Structures are given as C-alpha cells and as structure tokens.
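The values are calculated or read from the model by the stated rules, or taken from the named source; none is laboratory data. Note that the structure is a prediction, hence the values are computed from the model and not measured. Please note: Cβ atoms are built from the backbone with ideal geometry, for glycine as well, and neighbour counts cover all protein chains shown.
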Amino acid sequence: MGKLILVPTPIGNLGDITIRAIDILKNADAILAEDTRKTGILLKHHNINNSLLPYHQYNEHKIADALAARILRGENLALVTDAGTPGISDPGFLLVRTCIRNQIEIECLPGASAFIPALVNSGLPSDRFCFEGFLPHKKGRKKRLDGLKHETRTMIFYESPFRLAKLLEELKELMGPERQASVSRELTKIYEETKRGSLQDLISHFQERTIKGEIVVVLSGKEN
C-alpha cells in the first residue's frame with residue numbers, strides 16, 4: 001500500500017518550501033494539483049519533473065475513490081494546492097477522509113499557511129485564536145458573523161480584495177468602529193503590506209486604494 005502525502009507550497013515567494021517537500025514532489029508517483037499551471041511554475045522553479053493530475057473543488061467528489069484505489073495499489077500520491085497547506089480553505093479534506101475510511105496512511109508535512117504570519121505580524125494576541133477562513137458570500141454569512149459578536153479570542157478571516165471593503169464594514173457594524181484589527185496582503189511577495197489599526201482606520205485606508213492580492217484579516221476579540 002502507498003500513502004497520501006499533503007505537501008504545503010509557498011503562499012507567494014517560491015523559495016518558501018522545505019527540502020523535504022521538494023524531495024517528496026520529485027519522488028511521488030504523481031502530484032495532485034489544484035491548478036496544474038500554477039503548480040507547474042513551482043515545479044519548474046525547483047527543477048522537478050513529475051506528472052501532474054488535476055484535483056480541485058469541481059472534480060474532488062468524482063475522483064476521490066479512484067485516487068484512494070491507486071494508493072491501495074501501492075502508489076504514493078502527493079497533494080498540493082495553489083498556495084499553503086492542503087485542506088486549509090483549499091481542497092484536501094474530502095480525499096483525506098476517503099483515505100482514512102480506506103485505512104490508508106496519510107502524511108502531512110509542516111509548512112506555509114497564510115494565517116500564521118498574518119496573525120503573528122498583527123500584534124494582536126496569538127495565544128488563543130479562532131480561524132474562520134472564508135465567510136459565505138450570501139447564505140449563512142450574517143449568522144456566522146453574529147455568532148462571533150461575543151468571541152473573546154483573536155479571529156482570522158480570509159477574503160478576496162474585491163470583498164475586503166464589505167467585510168470591514170460588516171465587522172465595524174457588528175463590533176464597533178474602534179475594534180482593533182490588521183489587514184495583510186501579498187504576504188511573502190514584493191509588495192507585502194500589513195496595515196494595523198481600528199476598523200474605521202482600516203476602512204479609511206483601503207477605500208482610497210486599488211487592492212490587489214489575497215487578504216488575511218486579523219480581528220481582536222471582545223474584551224471581557
């Protein structure tokens with residue numbers, strides 16, 4: 001029997017990958033990639049020549065069992081996403097669960113994830129926090145936000161640049177304009193930026209700018 005190996009990939013800077021991850025990507029029987037074009041750029045940068053198979057949110061339900069069968073026949077399959085650790089707001093959970101159901105060994109390498117540098121860099125308490133990832137765009141969004149109104153731990157959200165303004169306004173309405181937060185974007189890249197301050201400060205800062213890059217919002221918890 002082979003195994004499934006979850007391999008974190010850089011969130012921006014292509015140098016942010018471990019020696020062990022490179023070795024596994026070179027020697028796996030195949031690499032499962034969220035976007036084979038993006039993963040191809042990473043592989044080329046590190047001189048890795050291996051076969052790529054698409055594995056993403058649109059096909060994962062259809063092929064999870066077939067992939068598990070390949071592992072049961074002895075193949076070692078490496079799973080990567082476009083950036084960061086598979087399964088963290090990215091495809092991966094379904095295949096892991098399928099492998100567990102089939103008693104397949106799973107190995108997860110430590111590595112990049114955008115919320116850790118954003119949290120540490122925010123200056124907000126990091127001893128206790130909750131990761132909310134991407135909020136629903138429509139259905140269930142208000143309920144999720146309302147459930148966080150009295151949260152005392154630091155909260156972490158992923159957001160697209162196109163919806164950042166909406167999220168900050170929603171948080172201000174729910175938590176108050178003086179609640180402290182930070183917004184990190186383009187982490188590990190040339191134009192990396194972290195802006196800290198009250199929700200009102202952040203709204204004023206970003207409403208006058210064209211926002212690019214993936215966003216991590218870190219929000220302080222409610223004071224007891």
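Of note:
- Residue-level check: of (1) outside any loop (DSSP other than H, G, I, E, B); (2) within 19 Å of ASP201 (Cβ to Cβ), GLU178 misses just (1).
- Of all residues making up the range 92-150, the number that are under 19 Å from the mean Cα position of the chain (by Cα), exposed (fewer than 13 other Cβ atoms within 10 Å of the Cβ) and at positive phi: 1
- Filter result for the condition that a residue is within 30 Å of THR18 (Cβ to Cβ) and either in the same structural domain as ARG70 (by TED's automatic domain parsing) or modelled with pLDDT under 95 (or both), over ARG97, ARG163, ARG196: ARG97
- Selected residue (only one of ALA28, ALA64, ALA68 is farther than 21 Å from ILE88 by Cα, touching a residue at least 24 places away in the same chain (Cβ under 8 Å), assigned by TED's automatic domain parsing to the domain that holds ARG97 and buried (at least 18 other Cβ atoms within 10 Å of the Cβ)): ALA28
- Condition met for PRO86 (at pLDDT below 95, in the same structural domain as ASN50 (by TED's automatic domain parsing) and closer than 20 Å to HIS56 by Cβ): no
- Long-range neighbours under 7 Å by Cβ, at least six apart or interchain, first residue under 17 Å from LEU168 (Cβ atoms) within the range 134-152, second among the polar types (S, T, N, Q) and surrounded by fewer than 10 Cβ atoms within 10 Å (Cβ to Cβ): none
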